Each structure stands twice: as structure tokens, then as C-alpha cells.
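FYI, it's all coordinate maths here, none of it is from the lab. Fair warning: this is a prediction, and the values are worked out from it, not measured in the lab. Every residue, glycine as well, gets a Cβ built from its backbone with ideal geometry; the counts of neighbours run over all protein chains shown.
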Amino acid sequence: MTLADFLRHELVLTGTHVGCEHGVCGACTILLNGRTARACLTLAVQADGRAVTTVEGLAAPGGALSPLQQAFWETHGLQCGFCTPGMLVTLTELLNENPAPTEAEIREVLTGNLCRCTGYQAIVDAALLAAERMRTRA
Ligand code: FES
Ligand code: FES
């Protein structure tokens, strides 16, 4: 069983989306011990003993949106929302590692995540806005 199917069908964590099921679209991206991984290419058993973070785990325990989620909302960084969980997880890893990414660095990271709706600009804007706010608050 893949990790994507385990999350969605066994744990009913349906925030992790499944698009291509062969590692291309990025919709199933999750964090495995803090690093992005394709849940459709990872077996559930491979996650045994490791920390798995899905889009459901990005908000604060009380439900407050993360700075990145808030920025997505404000910049209209999503339309249909299918790609959004993977986008958020991918950009969360980037912002954890690089608090001041350039637009080019954000676009390079997003080459692994396909979006059919937004044209990407609003997603890039959201990442830049979130990075700026996180630096200001730090
Ligand atoms: S569903 Fe995993 S990369 Fe597309
Ligand atoms: S918002 Fe629809 S695929 Fe990205």
C-alpha cells in the first residue's frame, strides 16, 4: 500500500491529493522527517518510525493558518485547490530551509508541482509574502 493510499483511506487524511500516481504532479507531496516526499511513490511501511507531516499538520494546533496558508488566502494562490496541499508542503520545506528565497528560487522549487489553474504567479506572490512576514516576526 502506498503512503498516499494509507493516509487517505486508512487515516482519512484526504488533504493529501492524488493526481498522476507516478511522481510527476506533486499533488501528493508530504514531509517525511521534514523533507518533501511523493506519497504516491512511498510505501506506507517506509514511513514506519518516521515523522509524517501532511497539509493537515501545517496549521497551528488551535487551527490558526500558518503564515504560508494565510498568504495563499490573501493573494488568491489557489483556484480549484487540487494542487494546493502539495504546493503548501513544498513551499513549507523551502521556507524552513531558506527564510529569504528569491522569486527565481521559489519558481525552481515549484517545478516539481503542477498547477492547471493559477499560472503560478499568485503562488509565487504568496511564498514571497509569507517569507517576508516570517522574517519580520522572527
Ligand atoms: S500523485 Fe504523486 S506525484 Fe502525482
Ligand atoms: S489551483 Fe487548480 S490545479 Fe492549482
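The table for this structure:
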{"read-out": "Tabulated pairs, the range 55-71, first of a type in the set (D, E, K, R), second assigned to a loop (DSSP other than H, G, I, E, B), C-beta under 6 angstrom, 6+ apart or interchain", "value": "Glu56/Leu13; Glu56/Gly15"}
{"read-out": "Count of the range 11-36 residues which are within 11 Å of ligand 1 (Cβ to nearest atom) and farther than 14 Å from Leu58 by Cα", "value": "12"}
{"read-out": "The range 85-97 - residue that is out of contact with any helix residue (DSSP H, G or I) (no Cβ under 7 Å at 6 or more places or on another chain) and in contact (Cβ under 8 Å) with a residue 40 or more places away in the chain and, of those, farthest from Leu110 (Cα to Cα)", "value": "Asn96"}
{"read-out": "Test: residue in the range 115-130 that is within 16 Å of ligand 1 (Cβ to nearest atom), closer than 18 Å to Gly26 by Cα and of a type in the set (S, T, N, Q)", "value": "no"}
{"read-out": "Test set (1) within 15 Å of ligand 1 (Cβ to nearest atom); (2) surrounded by fewer than 19 Cβ atoms within 10 Å (Cβ to Cβ); (3) of a type in the set (D, E, K, R) - Arg8 fails condition number", "value": "(2)"}
{"read-out": "Members of the range 47-85 that are loosely packed, with under 13 Cβ neighbours inside 10 Å, within 16 Å of ligand 1 (Cβ to nearest atom) and aliphatic (A, V, I, L, M)", "value": "none"}
